[in-house]
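A short write-up of the structure that comes next.
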Ligand SMILES: Cc1ncc(COP(=O)(O)O)c(C=O)c1O
């Protein structure tokens, strides 16, 4: 019913992913997909475009209600409408959390490897931080309690979490999140949880659990950053929100709201509302397509000399250990063979590369042939 095999022409559309490299390079780096957004999203944008007036907007109450309803339905998490703070993207939310939820003399914990903006938010805010290494346990990248205990300090205030984990693809279990929340409670840490990949669940039967939903205490100490734009294909239109129960945390997070970080655009609001109300079926179809891409990538990478990867439970990002290749820079190695991946160093692990498989199968097959023929 939905055709994910049809490649759109993205060159010449200002695409970050497709503009950087020469035309003969297959770009599988930045995390967006090569799929058209779902029909109801396109239709909502078209309707708004036809109206033709693009003045300032307030966040739609209907979207606030859709967020509340979604959190209850998917996670059994009871969110009040006024806990929802809209921001133009998850990245600005990470930076607001680092700047406003810690004082200059406070310290933060951040997993590594991780999406670079979690660390960058702290670096730009000039906050002291500890990189807490995730470990590969039974094929999953998970937190290690000994590393956590060794990293925490008396002035630690903030714990960053990326769930599902980018890169690595882990869906953290309720039990794992309970333990992390208990650690945060013990050390009185605010949790800032980036859950942008929560709708891109590839392993059936493994649910996403927002850490704020595991206990009353976790909810009170959490800032949860969510956005439909990755899963429903409109990151260039952009709409994200933070869910913050505690009024003090919410006030601090919003201290200079609208001065530094703008609301989503009217197209972001329209797209988000349509995504949450009308695109369940499209999302399921996309997940089936991505699941098959994931299985293909795991099979191919598993058969290549010098490469290993853990099973990807969620996201459309394969985190590939290329240290066995014995080359100084695996990113450069694959680029010379015509495939642009994300360099692992960006996430804190130079021996790795990250491959975005959110694309047409035929292109993915071509990219893996290029990678394989030279390994
Ligand atoms: C974990 C994570 N957070 C945030 C973002 C970007 O968020 P946004 O485009 O809403 O700022 C990405 C994009 O790759 C991501 O992987």
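The values are calculated or read from the model by the stated rules, or taken from the named source; none is laboratory data. Computed from a predicted model, the values in this text were never measured in an experiment. With ideal geometry, Cβ positions are generated from the backbone for all residues, glycine too; neighbour counts draw on all protein chains shown.
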Count of the range 103-134 residues which are within 14 Å of the ligand (Cβ to nearest atom), part of a helix (DSSP H, G or I) and either over 18 Å from residue 169 (Cα atoms) or touching a strand residue (DSSP E or B) at 6+ places or on another chain (Cβ under 9 Å) (or both): 5
Restricting the range 61-98 to residues that are away from the ligand (no atom under 16 Å from the Cβ) and in a loop (DSSP other than H, G, I, E, B), the residue that is nearest to residue 213 (Cα to Cα): 77
Answer from 111, 154 - the residue that is surrounded by 22 or more Cβ atoms within 10 Å (Cβ to Cβ) and either under 24 Å from residue 220 (Cα atoms) or over 21 Å from the mean Cα position of the chain (by Cα) (or both): 111
Test: residue in the range 20-33 that is under 19 Å from residue 264 (Cα atoms) and outside the structural domain of residue 232 (by TED's automatic domain parsing): yes
Residue 205 being within 16 Å of the ligand (Cβ to nearest atom) and in a loop (DSSP other than H, G, I, E, B): no
Some residue of the range 165-182 being under 22 Å from residue 251 (Cα atoms), within 16 Å of the ligand (Cβ to nearest atom), in contact with a strand residue (DSSP E or B) (Cβ under 8 Å, 6 or more places away or on another chain) and not in a helix (DSSP H, G or I): no
Residue, nearest to residue 114 (Cα to Cα), within the range 185-202, restricted to residues that are in contact with a helix residue (DSSP H, G or I) (Cβ under 7 Å, 6 or more places away or on another chain) and away from the ligand (no atom under 16 Å from the Cβ): 190
Residue count, the range 208-219 (criterion: assigned to a loop (DSSP other than H, G, I, E, B) and within 16 Å of the ligand (Cβ to nearest atom)): 2
Any hit, the range 74-92, residues being out of contact with any strand residue (DSSP E or B) (no Cβ under 7 Å at 6 or more places or on another chain) and under 19 Å from residue 286 (Cβ atoms): yes
